[in-house]
Amino acid sequence: MSNLILHEYAQSGNCYKIRLTAAHLGIPIERREYDIMAGETRSPAFLSGVNANGRIPVLQVGDDYLPESSAACFYLADGSALIPADRFDRADMLRWMFWEQYNHEPNVATLRFWYGWVGEENLTEAQRLLLPVKREAGEAALTLMDEHLARTPFFAGGRFSLADIALYAYTHVADGGGFDLHHYPAVQAWLDRVATLPGHIAITD
Ligand SMILES: N[C@@H](CCC(=O)N[C@@H](CS)C(=O)NCC(=O)O)C(=O)O
């Protein structure tokens, strides 16, 4: 594999997904930190050289740049046991990763960011109006996860996969967005299951 550099903001769950995938696979990655609160991913150099979309994470593979956390995890895990061999299970893993990006992250992670980084007092009027909408959608996502995990130990194919990594990243810190995980016992049991797997690393590592 070419030399790998992760352009990141370490506390971002999206960046953690890539580090966690690499840790499970024993793949070494060089890390380069950007201060998103200071707009470092919006500089002309970043936009023209790293990601025209102005966001981290970006996995640099040799001279090529791969934005989007799910794509980067898939690149690292291609051909490994983190991606199910069965055709249906592989598609089902992708289903949960797409769902994470559309139904989970924009609610669970956004509230964590608004409360923990922006600060409630600094929210715009538009953001303030969205607070109950995102709370309800985040709770719906956690409820759906809880119902699924009451029936199966992991998200896809009954085994630990990238779907679990993608969903673990922001779920385990959902309390930062004001979500009470005690309401979701199957999610809590799954979080413990994931955190005790060999190769696991914390978001702070
Ligand atoms: N869908 C993208 C989301 C990337 C994203 O939203 N990154 C945020 C941090 S988690 C960011 O770079 N924010 C800084 C900015 O928008 O300026 C992924 O999964 O990688």
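The values are calculated or read from the model by the stated rules, or taken from the named source; none is laboratory data. Note that this is a predicted model, so its numbers are computed, not measured. Neighbour counts run over all protein chains shown; Cβ positions are idealised from the backbone, glycine included.
Looking only at segment 179-205, residues that are in contact (Cβ under 8 Å) with a residue 12 or more places away in the chain and in a helix (DSSP H, G or I) come to 11 in all.
In this structure, is residue 32 within 22 Å of residue 204 (Cα to Cα), more than 13 Å from the chain's Cα centre (by Cα), free of Cβ contacts under 8 Å to residues at least 60 places away in the same chain and not assigned by TED's automatic domain parsing to the domain that holds residue 97? Yes; evaluated as a whole, the condition is true for this residue. Considering (1) closer than 22 Å to residue 172 by Cα; (2) surrounded by 12 or more Cβ atoms within 10 Å (Cβ to Cβ); (3) free of Cβ contacts under 8 Å to residues at least 12 places away in the same chain, the lone condition that residue 73 does not fulfil carries the number (3).
Taking residue 163 as the residue in question, decide whether it is small (Gly, Ala, Ser), modelled with pLDDT of 95 or more, in a helix (DSSP H, G or I) and under 24 Å from residue 18 (Cβ atoms). Yes.
Residue by residue, here is whether (1) over 20 Å from residue 168 (Cβ atoms); (2) surrounded by fewer than 16 Cβ atoms within 10 Å (Cβ to Cβ); (3) outside the structural domain of residue 36 (by TED's automatic domain parsing) holds:
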{"residue": "82", "(1), (2), (3)": "no, no, yes"}
{"residue": "102", "(1), (2), (3)": "no, yes, yes"}
{"residue": "111", "(1), (2), (3)": "no, no, yes"}
{"residue": "124", "(1), (2), (3)": "yes, yes, yes"}
{"residue": "128", "(1), (2), (3)": "yes, yes, yes"}
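When segment 114-143 is filtered for residues that are free of Cβ contacts under 8 Å to residues at least 12 places away in the same chain and not charged (D, E, K, R), the ones remaining, listed by number, are 118, 119, 122, 123, 124, 126, 129, 130, 132, 133. Considering (1) within 12 Å of the ligand (Cβ to nearest atom); (2) buried (at least 17 other Cβ atoms within 10 Å of the Cβ); (3) in a helix (DSSP H, G or I), the lone condition that residue 19 does not fulfil carries the number (1).
Can you pull out the residues in segment 71-84 that are in a loop (DSSP other than H, G, I, E, B) and either modelled with pLDDT under 95 or farther than 16 Å from residue 155 by Cβ (or both)?
Residues satisfying the conditions are 78, 79, 80.
Residues in segment 3-14 that are in contact with a strand residue (DSSP E or B) (Cβ under 6 Å, 6 or more places away or on another chain) and within 7 Å of the ligand (Cβ to nearest atom): none. In segment 23-70, which residues are of a type in the set (Ser, Thr, Tyr) and either near the ligand (Cβ under 10 Å from one of its atoms) or assigned to a loop (DSSP other than H, G, I, E, B) (or both)? Scanning segment 23-70 gives 34, 41, 43, 69, 70.
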